[in-house]
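Data first, discussion second: the structure below is written as structure tokens.
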Amino acid sequence: MNVIGLDTSNYTTSIASFDGCNGVNCSKLLPVKQGELGLRQSDAVFAHIKGLPELSGRLFSHVEARDIRAVGVSTRPRAVEGSYMPCFMVGYTHAKLLSDSLHIPLFEVSHQQGHVAASLWSAGRLDLMDKPHLAWHLSGGTTELLLVEPEGKNVKCTKIGGTTDISAGQLIDRTGQLLELPFPSGKHLDALSQTTTGKELFKVKCTGMEFSLSGVQNKVQQFYVDHKNAAETAAYALRCVAFAVHKATENALQAYPGLEVVFSGGVASNSMLRQLTADLNPVFAQPQYSTDNAMGIAVLAWRMMEG
């Protein structure tokens, strides 16, 4: 018995199957031209329409229709009023068609809830789905510190901190553009940063659990002008992000003592961030399930189907 999950974000097309224990995720990054920072929504929608048939073909080559019991899909970025992006409609229309044709339930969740579920499943900590905890959603468009609480078989995510302007992912991608790296730039900056030994950083001011990263972008640009070193610049940018996240997390743990901290979203796959926050005893997803994927959507659909 399997459930299917679909997620069509502004970065990745993905479809997954889950049997209550193990799962398979098939994903494909949306194509972005060199030097550009993402896609227009119309282009993202078209890329999803082109990409989903190939991915579904791969997945359904070993998943029988008679074994599918439910479908889950992300329909919006966050489960809050007004959260909407057209690209998620591609996943929804495919999921609705599958649900109607097979006469099986369709469960709608948010992209953010899927990130949390994917992180917990891949870390072997699905027990946290049923108790309050803190979670970072660190991605190309989002840098939010969340209070996560059980809501039926899903979770309720309440923003309690994070960036007040550009996201960590935006800073990383803009640094990648500065260094003429492909988009998205996270894994490329990560690889470059591992070749350095420098420790320099700009200590981002953190007010409670919030901070601003727009000033860091200027610092990164100046650092590159002064040092003319791509690897050191990559490491500098990542250290600044890690410092801000670490400080906000420390403050959050004082406000919410005893809660565990989960890291989700593509930026959470960064090895430097993992190293520099290790003293907080965080729960990290496996790197491939930190980036956008449909596995968390499938996990949520399974839980909701089971009731």
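State whether one or more residues within the stretch 157-168 are assigned to a loop (DSSP other than H, G, I, E, B), over 18 Å from the mean Cα position of the chain (by Cα) and within 30 Å of residue 131 (Cβ to Cβ). Looking for residues that are assigned to a loop (DSSP other than H, G, I, E, B), over 18 Å from the mean Cα position of the chain (by Cα) and within 30 Å of residue 131 (Cβ to Cβ), one finds at least one in the stretch 157-168, hence yes.
Against the condition out of contact with any Cys (no Cβ under 9 Å at 6 or more places or on another chain) and closer than 30 Å to residue 59 by Cβ, how does residue 231 come out, does it pass? For residue 231, the condition - out of contact with any Cys (no Cβ under 9 Å at 6 or more places or on another chain) and closer than 30 Å to residue 59 by Cβ - is not met. What are the pairs with Cβ atoms under 9 angstrom where one residue, in the stretch 115-137, is farther than 12 Å from residue 154 by Cα and free of Cβ contacts under 8 Å to residues at least 40 places away in the same chain and the other, located anywhere, is surrounded by 24 or more Cβ atoms within 10 Å (Cβ to Cβ) and hydrophobic (A, V, I, L, M, F, W, C)? Sequence gap at least six, or different chains. Between residues of the stretch 115-137 that are farther than 12 Å from residue 154 by Cα and free of Cβ contacts under 8 Å to residues at least 40 places away in the same chain and residues that are surrounded by 24 or more Cβ atoms within 10 Å (Cβ to Cβ) and hydrophobic (A, V, I, L, M, F, W, C), the close pairs are 127/120. Residue 302 meets all of the listed conditions (1) under 22 Å from the mean Cα position of the chain (by Cα); (2) modelled with pLDDT under 95 but one, namely (2). Among the criteria (1) surrounded by 16 or more Cβ atoms within 10 Å (Cβ to Cβ); (2) of a type outside the set (Phe, Trp, Tyr); (3) touching a residue at least 60 places away in the same chain (Cβ under 8 Å); (4) closer than 28 Å to residue 31 by Cα, the one residue 209 does not fulfil is (4).
The residue pairs whose first member lies in the stretch 224-248 and is more than 30 Å from residue 261 (Cα to Cα), whose second member is modelled with pLDDT of 95 or more and buried (at least 24 other Cβ atoms within 10 Å of the Cβ), and whose beta carbons are closer than 8 Å, counting only pairs six or more residues apart or on different chains, are 224/233; 227/233. With the structure loaded, tell me whether residue 38 is within 18 Å of the chain's Cα centre (by Cα) and under 28 Å from residue 166 (Cα atoms) or whether it fails that test. In short, yes.
Answer yes if at least one residue in the stretch 65-73 is open to solvent by 70 Å² or more (accessible area, probe 1.4 Å) and part of a helix (DSSP H, G or I), and no otherwise. Before the answer, list the steps.
Filtering the stretch 65-73 for residues open to solvent by 70 Å² or more (accessible area, probe 1.4 Å) gives 66, 69.
Retained after the next criterion (residues that are part of a helix (DSSP H, G or I)): 66.
Yes, because at least one residue in the stretch 65-73 is open to solvent by 70 Å² or more (accessible area, probe 1.4 Å) and part of a helix (DSSP H, G or I).
Please find, among 296, 258, 265, the residue that is under 28 Å from residue 155 (Cβ atoms), open to solvent by 20 Å² or more (accessible area, probe 1.4 Å) and of a type outside the set (Val, Ile, Thr). Reasoning before the result, please.
Details: 296 fails: open to solvent by 20 Å² or more (accessible area, probe 1.4 Å); 265 fails: open to solvent by 20 Å² or more (accessible area, probe 1.4 Å).
Exactly one of 296, 258, 265 is under 28 Å from residue 155 (Cβ atoms), open to solvent by 20 Å² or more (accessible area, probe 1.4 Å) and of a type outside the set (Val, Ile, Thr), namely 258.
In the stretch 72-85 there is no residue matching the filter, namely being over 30 Å from residue 158 (Cβ atoms) and in contact (Cβ under 8 Å) with a residue 60 or more places away in the chain. The numbered conditions (1) open to solvent by less than 60 Å² (accessible area, probe 1.4 Å); (2) part of a helix (DSSP H, G or I) are all true for residue 146 except (2). Does at least one position in the stretch 174-187 carry a residue that is touching a Cys at 6+ places or on another chain (Cβ under 9 Å), within 21 Å of residue 142 (Cα to Cα) and among the basic types (Lys, Arg)? No, there is no match, as no residue in the stretch 174-187 is touching a Cys at 6+ places or on another chain (Cβ under 9 Å), within 21 Å of residue 142 (Cα to Cα) and among the basic types (Lys, Arg). Restricting attention to the stretch 180-195, the residues that are more than 18 Å from the chain's Cα centre (by Cα) and surrounded by 18 or more Cβ atoms within 10 Å (Cβ to Cβ) add up to 3. So which residues in the stretch 86-122 are of a type in the set (Phe, Trp, Tyr) and open to solvent by less than 10 Å² (accessible area, probe 1.4 Å)? Within the stretch 86-122, 88 is the sole residue that qualifies.
The values are calculated or read from the model by the stated rules, or taken from the named source; none is laboratory data. No experiment lies behind these values; they were computed from the predicted model shown. Don't worry about glycine lacking a Cβ; one is built from the backbone with ideal geometry, like all the others, and counts go over all protein chains shown. Note: accessible area is taken over every heavy atom of the protein model, side chains too, but ligands, DNA and RNA are not part of it. Shrake-Rupley method; radii C 1.70, N 1.55, O 1.52, S 1.80 Å.
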